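Notes for the one structure printed next.
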């Protein structure tokens, strides 16, 4: 996984916006984080784009989907697997397709960003208020539990609980 950063000035979005859109179209995007930097006339939108490039992109194209076991670090993949298991349980309960809850990409975004509130969850690309209200607390509980578990190899009785 690689990262690319873009700044789009509010007063003149033209070329910067086109560059961002061209990049998004040409690459296999994993996630996009955006922040607004307020500075009067110099305000801008900042984007951090994580993507697969080169050989990883060819592998993803061949399969038609991303293998998150290859993309996420082992500890993050373990949390991702728990989120997928929860999604499966809820889809079976509610009789809806998995993507109606959250896509694999959105689950991976949850693992990377570790949201702790409903508002944080809504900042993950494509996650709306309705899904957060219906399913957010279940997914946040899994993330909260994952954060409170001591990491492997923690020595000296160090307390790994709580947000990092």
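All of the numbers you see were taken from the coordinates with simple rules; none came from a lab. Source: prediction; values computed, not measured. All Cβ positions, even for glycine, are placed from backbone atoms using ideal geometry, and neighbour counts span all protein chains on display.
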Self-check item: Fewest-first sequence of 91, 119, 25 by Cβ atoms within 10 Å of each Cβ
Solution: 25, 119, 91
Quiz item: Of 42, 27, how do they rank once you tally other Cβ atoms within 10 Å and put the fewest first?
Solution: 42, 27
Self-check item: Neighbour-count ranking [beta-carbon atoms within 10 angstrom, fewest first] of 96, 132
Solution: 96, 132
Practice problem: Assuming R0 = 22 Å, can you tell me the calculated FRET efficiency for the pair residue 113 and residue 78, based on Cβ-Cβ distance, to the nearest 0.05? | Solution: 0.85
Quiz item: Based only on the alpha carbon positions, what is the Kirkwood hydrodynamic radius of the range 68-148, in angstrom?
Solution: 12.5
Quiz item: Efficiency by 1/(1 + (r/R0)^6): what FRET value for residue 144 and residue 18, r their Cβ-Cβ distance, R0 = 35 Å, to the nearest 0.05?
Solution: 0.30
Quiz prompt | Contour minus Cα-Cα distance for residue 100 and residue 10 (0.36 nm per residue) | solution = 29.1 nm
